[in-house]
Amino acid sequence: MRRSTRLFEIIQILRATDAPVTAEALAEKLEVSVRTVYRDIAALQAQRTPIEGEAGVGYLMRRGYDLPPLNFDAEEVEALWVGLSMLARTGDSTLQQAADRVCRKIEALRAPADWLQVAPWGAPMDDPEKGCIPVVNYREAIRQERKIRITYVNSADLQSERIVRPVALIYHIECTMLAAWCELRNGFRHFRTDRIWACELIDDHFCGQGKPLRAIWQEQNRWDDTAQSAISGR
């Protein structure tokens, strides 16, 4: 989580409670150290954010402090709610956590709508405790234009090790696909993330190549029948 996002989250957490929140509780929610929370609180107070309290006691937002409202009409809020809820079906746990944070931010704008339901079934959750590779690893590699070494098992149970240049993630209902330039096959391939058994960021970047590679990939894959032949990762 970026520092700016973390500072915003601290404000949201403190706004949502009437009781003091300890630095330890904030650290657990934000998945950072207590020392980081102390630094963030000090930074917010330096920006004149009305946070009261101290270490060992807890922190509380002074009443009356608010952020500028988001201006969405009813249908826009419902569209956001459904779209964010569907992220749970992608299996991407980090995106789901981000979606939950956004849902809390728009909660006050959403009228009760129990008739809007999203089925929970979809791609399996990328739980590291179950041996799954977190999808966030691929997104970070794409953003950093960094090569990754993967161990992949295709639909025929054939295992191979590849060095790839990841360019895109495609979220299907039943799975998530990683689109990448495969150095073994010297071409674009699509890999189901639930068939990637190991993934390692390597100290080799392809800086400046991500955008043109993605443009070529998009030109070659227009979601027609011919594009489906590349999905096996062979």
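Assorted remarks:
- Whichever residue in region 129-147 is modelled with pLDDT under 95 and of a type in the set (K, R) and, among such residues, is surrounded by the fewest Cβ atoms within 10 Å (Cβ to Cβ): K130
- Residues in region 40-70 that are at pLDDT below 90 and among the aromatic types (F, W, Y): Y65 only.
- Checked against the criterion of being basic (K, R), closer than 21 Å to L95 by Cβ and exposed (fewer than 12 other Cβ atoms within 10 Å of the Cβ), the candidates R6, R2, R35, R48 yield just one match: R2.
- Single condition I216 does not satisfy, out of (1) in a loop (DSSP other than H, G, I, E, B); (2) modelled with pLDDT of 90 or more: (1)
- Filter result for K105 (more than 15 Å from the chain's Cα centre (by Cα), within 19 Å of T5 (Cβ to Cβ) and either open to solvent by less than 40 Å² (accessible area, probe 1.4 Å) or at pLDDT below 85 (or both)): yes
- The C-beta contact set for region 179-203 (first residue within 27 Å of E129 (Cβ to Cβ) and among the aromatic types (F, W, Y), second residue open to solvent by less than 20 Å² (accessible area, probe 1.4 Å) and part of a loop (DSSP other than H, G, I, E, B), distance under 6 angstrom, 6+ apart or interchain) comprises F191/G233.
- Residues of region 9-32 classified as over 23 Å from T94 (Cα atoms) and modelled with pLDDT under 90, total: 4
- Near pairs, Cβ below 7 angstrom, 6+ apart or cross-chain, from region 8-36 (closer than 20 Å to Q47 by Cβ and in contact (Cβ under 8 Å) with a residue 24 or more places away in the chain) to any residue that is hydroxyl-bearing (S, T, Y) and part of a loop (DSSP other than H, G, I, E, B): I11/T49
- Every residue from region 157-178 that is under 20 Å from the mean Cα position of the chain (by Cα) and either under 26 Å from P120 (Cβ atoms) or part of a loop (DSSP other than H, G, I, E, B) (or both): A168, L169, I170, Y171, H172, I173, E174, C175, T176, M177, L178
- Out of I196, I150, I163, I173, sole residue that is within 22 Å of S93 (Cβ to Cβ) and surrounded by fewer than 18 Cβ atoms within 10 Å (Cβ to Cβ): I173
The values are calculated or read from the model by the stated rules, or taken from the named source; none is laboratory data. What you see is a predicted model; the values in this text were computed from it and never measured. So basically every Cβ, Gly included, is an ideal-geometry build from the backbone, and we count neighbours across all protein chains shown. In case anyone asks, the SASA skips ligands and DNA or RNA and just uses the protein heavy atoms, side chains included. Shrake-Rupley method; radii C 1.70, N 1.55, O 1.52, S 1.80 Å.
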